[in-house]
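Structure, as C-alpha cells:
Values in this text are rule-based calculations from the coordinates and carry no lab data. These numbers come from a predicted model, not from an experiment. Virtual Cβ from ideal backbone geometry, glycine too; neighbours counted across all protein chains shown.
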Amino acid sequence: MKLQKKKQLLQKRRWRIRKKVRGTTERPRLAVCFTHKHIHAQCIDDLSGSTLTYLSTVSKVAKGNLPNVEGATVFGKLFGEKVKNTGIEKIVFDRSGRKYHGRVKAFADAVRENGIEF
C-alpha cells in the first residue's frame, strides 16, 4: 500500500472518531500524538476551544523518554500526574485514529494508574 493511501485512511479514521468524541470542561478530551521521535499529549476543552494542559517529550520535564512502549509508559505516568494536579479526574480518550495497542495502550494504562477515569 502506498504511503499516500495510508495517510488518507488514517485521516479518515481521525475524522470519524472526532465526530463522536467531544471534550467539555468537566470531561476534557485527551488527544495524544505519537511521532517517530516524540510523544505529545494534551487535554482539550472543545466547547471553549482551549487547551487545559499539555506535555511533550520535547519539554524539559519529560525529555529523554523514548517513543517506544516503555517510554510511553513513563510519559503516561508523568502526564497523569500533571492532569491530576490541574484538578481533572475524568477524561475522554482520543487515540487519533490509531489502534488501541502498543504505545497507545501503554500510555492510556499509565494515565489510568494515576486515578484518571476514562
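Descriptive notes on the structure:
- Some residue of the range 3-20 being farther than 24 Å from Gly80 by Cβ, surrounded by 12 or more Cβ atoms within 10 Å (Cβ to Cβ), touching a Lys or Arg at 6+ places or on another chain (Cβ under 9 Å) and not acidic (Asp, Glu): yes
- Considering only residues in the range 63-73 that are under 18 Å from Arg112 (Cα atoms) and of a type in the set (Gly, Ala, Ser), the one that is farthest from the chain's Cα centre (by Cα) turns out to be Gly71.
- In the range 42-52 there is at least one residue matching the filter, namely being within 18 Å of Glu113 (Cα to Cα) and buried (at least 18 other Cβ atoms within 10 Å of the Cβ).
- Each residue in the range 53-73 was checked for being among the hydrophobic types (A, V, I, L, M, F, W, C), touching a Gly at 6+ places or on another chain (Cβ under 9 Å) and surrounded by fewer than 19 Cβ atoms within 10 Å (Cβ to Cβ), and 1 pass.
- Of all residues in the range 21-39, those satisfying the criterion of being in contact with a strand residue (DSSP E or B) (Cβ under 7 Å, 6 or more places away or on another chain), closer than 22 Å to Val61 by Cβ and surrounded by fewer than 19 Cβ atoms within 10 Å (Cβ to Cβ) are Cys33, His38.
- Residues in the range 1-53 that are touching a residue at least 40 places away in the same chain (Cβ under 8 Å) and of a type in the set (Asp, Glu): Glu26 alone.
- Total residues in the range 51-96 satisfying the condition of being closer than 26 Å to Leu9 by Cβ and acidic (Asp, Glu): the figure is 1.
- Selection from the range 79-118 of residues that are among the aliphatic types (A, V, I, L, M) and either loosely packed, with under 15 Cβ neighbours inside 10 Å or part of a helix (DSSP H, G or I) (or both): Val83, Val104, Ala106, Ala108, Ala110, Val111
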